[in-house]
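Undergrad: Below is a structure I'd like to ask you about.
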Amino acid sequence: MKIHITENAEKKLRAQTEGKQGVYKIVYDTEDCCAVNGIAMLWFVEQPEHTDSKVKTNGLSVFIEKAKEIFFDEQLTIDYAEEKGCFQLKSPNQYFNPCMSLIIKS
């Protein structure tokens, strides 16, 4: 898996986490639904868990839970939509979340 982080998204991520220690994590949240009907979320956590794997990116460190990688495409992009004021997780084939916030957990 590889994630391209656009320049605009990287600026917004850095601005929102400035002065904080932690890592970015793509989460496939299945709370209140079954395992195949989750939604992609972007978290900032203190540290990755032992069940997380580091994803290849063009810059920032991003982690994902190993067991949830199957729900995503091999090539992903994290972008920032100025007009909506939110991050987007997408691939050449689909949007995994067209409007997600960065949730700071640390």
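Undergrad: With every protein chain kept in place and ligands, DNA and RNA left out, what is the accessible area per residue of the chain? Probe 1.4 Å, answer in Å².
TA: Per residue, the chain has 59 Å² of solvent-accessible surface.
Undergrad: Can you spot the aspartates and glutamates whose alpha carbon is less than 18 Å from Lys105's alpha carbon? Ignore those fewer than 8 places along the same chain.
TA: The qualifying aspartates and glutamates are Glu18, Asp29, Glu31, Glu46, Glu49, Asp52, Glu65.
Undergrad: Roughly to the nearest percent, how much of the accessible area of the chain is carbon and sulfur, given a 1.4 Å probe?
TA: 46
Undergrad: With all protein chains present, calculate the accessible area of Tyr28 using a 1.4 Å probe and round the result to the nearest 10 Å².
TA: 30
Undergrad: Which whole-number percentage describes the relative contact order of the chain, with Cα contacts under 8 Å and a sequence gap of 6 or more?
TA: 32
Undergrad: I've got another one for you. Return the lysines within reach of Lys66: Cα separation strictly under 19 angstrom, same-chain partners fewer than 8 residues apart disregarded; answer none if there are no such residues.
TA: Lys2, Lys25, Lys54, Lys56, Lys90
Undergrad: Here is a further query. Under the rule of -39500 (n - 2.57) per DSSP H run of 4 or more residues, summed and divided by the residues of the chain, what mean residue ellipticity at 222 nm is obtained, to the nearest 500 deg cm²/dmol?
TA: -3000 deg cm²/dmol
The values are calculated or read from the model by the stated rules, or taken from the named source; none is laboratory data. Note that the coordinates shown come from a computational prediction; the quantities given were computed from them, not determined experimentally. Note: areas computed on protein heavy atoms with side chains; ligands, DNA, RNA excluded. Shrake-Rupley method; radii C 1.70, N 1.55, O 1.52, S 1.80 Å.
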